[in-house]
Structure formats: C-alpha cells, structure tokens
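I have placed the structure first, in the form of structure tokens, so that the comments after it can refer back to it.
The values are calculated or read from the model by the stated rules, or taken from the named source; none is laboratory data. The model shown is predicted, which means the values in this text are computed figures rather than measured ones. Here Cβ is always computed from backbone atoms with ideal geometry, including for glycine, and neighbour counts include all displayed protein chains. These accessible areas exclude ligands, DNA and RNA; they are computed on the full protein's heavy atoms, side chains included. Shrake-Rupley method; radii C 1.70, N 1.55, O 1.52, S 1.80 Å.
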Amino acid sequence: MEPLTVALPKGRLLAPAADLFQRLGWPCELGNGTRQLQITETRESDGASDGISHELRFLLVKPGDVPVYVEYGAADLGIAGQDTLWESGRDVYQPLELGFGRCRLVLAGTPAQRDRDFRLAAGLRVATKDPRQTRAYFQRNGLSVEVIPLSGSIELAPLVGLADLVVDVVETGRTLRENGLVELEEIATCQAVLIVNRVSHRLRLDEVRGLLARLNAELAGNAKT
Ligand code: PRP
C-alpha cells in the first residue's frame, strides 16, 4: 500500500512540525536546504507493532494550501494553523492540537484609533489575510466595515492609508510594535493542529490511529519535560 502522505506547511510552522516527526524517527528533510517538494522517508523500526507504516511521504506546500490537499485526499494528513484552517473553511477531521505555533488573531490599529473608539467611526476599512474571520467578527459585533483582503505585510496598510484597522495574527507582538500599531481586541487564540482527510481516517484507520497515538505520546512526554 502507498505510504500515508503528510502535507507540511512552509514558513514558521515547518521547523516545529519537522521536529515533531524527527522525534518520532523520520528524518523529515523537506525544506532543509533542498528544493524538493515531496519525499518518502523511512522510520527506524523500534520493534513496536502499533499499525504505523515505517514509510511516510511528506509534501511541502503553502500553509493556506494544507487544508486543500487534505480535504481532497492528495494528502492523508497535514499540519495547519487553526487560523489558516478556519479561514480555509475546508472540511477535515481535526483530532489533535499540537501545542506549537501558538498565536492570537487580533484587531489592531493606531494609538489614535484606540483612543477614539473605532466602533463609533463609519466607513472603516480593515486590511487582513483572514477575511472570513474578519467579516464574522464584525458581523458578531454588529459593525459594518469594508474588508480589504491582502496576502501579507498587513501592518503596512494603516501606515499608508490603505486601511484604518487590521486583523492579523500576533505571535511575539514585534511586528505591531515596530510599525507603531496597538492591539485593540483579541478575536481568537490559535495553535497548530493535525488534520486528517475524512476518507483516509475511515479507510486507513489503523495506520492513522497508530500515528496519532505516537504523536500524542510524544506531545505528552514533551509537555512533562
Ligand atoms: C505574520 C503576521 C504578522 C507577524 C506577527 O506575518 O501576519 O505580520 O507574522 O508576528 P509577530 O507578532 O511575532 O511579529 P508573516 O511573518 O507570516 O509574514 P507576512 O506578513 O508576509 O504574511
């Protein structure tokens, strides 16, 4: 049978995701100086018969594409940030929070916006990489705004008059700070999660369960140290 395929996200989540699989015995060498986008790797056997295949195929894809690969079954499993997953709206099984990639989705603006109470302003424009969550947030709060979807450098938008506010993920807070912006409200907290294709979860249950059990044990062991 084909090895299970795991879609890994390029960018910030790649190193901790690769580290997790390395701790389970796979070299996980994608993104490590190579331009290869897929690689099949074999894990050293430790004699345990837990249903996990010793082979896994890893794919390296853009973070926002991980849920797409997994929903369509091009990958059986993937690692994605919850913010990316919510934004994708893709229908995948999410059995495991991974405890890394913690960040917060926040509404931010200039200090003047904070002092003025942005809720009172009309015709606000909000720049974001997360338009679905941004629209949902403002709808929940009964505010009508124009959402401007961008694909990066969100914090620039208020500085050049493109938008009044931004909705973006904050990890250390450094990007907001260095661009003179302040947090106005927290919208959600996020972390990396393992996602599984729903058909793979049914048809390859033993393998998926075996891998999940290993990942769980590794994460639990790591949490204790
Ligand atoms: C993300 C996010 C913020 C920044 C937050 O951008 O959109 O800009 O990281 O991180 P911090 O709180 O640690 O400063 P990313 O680095 O992914 O680049 P991008 O703007 O090109 O999307």
Where V68 falls short, out of the listed (1) assigned to a helix (DSSP H, G or I); (2) open to solvent by 20 Å² or more (accessible area, probe 1.4 Å); (3) touching a Ser or Thr at 6+ places or on another chain (Cβ under 6 Å): (3)
In contact (Cβ under 8 Å) with a residue 24 or more places away in the chain, part of a strand (DSSP E or B), surrounded by 13 or more Cβ atoms within 10 Å (Cβ to Cβ) and away from the ligand (no atom under 16 Å from the Cβ): which single residue out of L96, L30 fits that description? L96
T128 fails exactly one of the following numbered conditions: (1) at pLDDT 95 or above; (2) farther than 22 Å from I154 by Cα; (3) in contact with a strand residue (DSSP E or B) (Cβ under 6 Å, 6 or more places away or on another chain). What is the number of that condition? (2)
Could you list all residues from the range 77-93 that are open to solvent by 50 Å² or more (accessible area, probe 1.4 Å) and over 20 Å from V147 (Cα atoms)? R90, D91, Y93
Any idea which of (1) of a type in the set (D, E, K, R); (2) at pLDDT below 95; (3) closer than 29 Å to N179 by Cβ is the one D50 doesn't satisfy? (3)
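Condition check: at pLDDT below 95 and either surrounded by 14 or more Cβ atoms within 10 Å (Cβ to Cβ) or more than 14 Å from D83 (Cβ to Cβ) (or both). Does G161 satisfy that? Write out each step before concluding.
Numbers: at pLDDT below 95: no; either surrounded by 14 or more Cβ atoms within 10 Å (Cβ to Cβ) or more than 14 Å from D83 (Cβ to Cβ) (or both): yes.
Answer is no for this residue.
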Can you find, within the range 158-174, the residue that is farthest from R102 (Cα to Cα) among those that are within 23 Å of the chain's Cα centre (by Cα) and without any contact (Cβ under 8 Å) to a residue 60 or more places away in the chain? L165
Residue count for the range 184-225, restricted to those that are in contact with a strand residue (DSSP E or B) (Cβ under 7 Å, 6 or more places away or on another chain) and among the basic types (K, R): 2
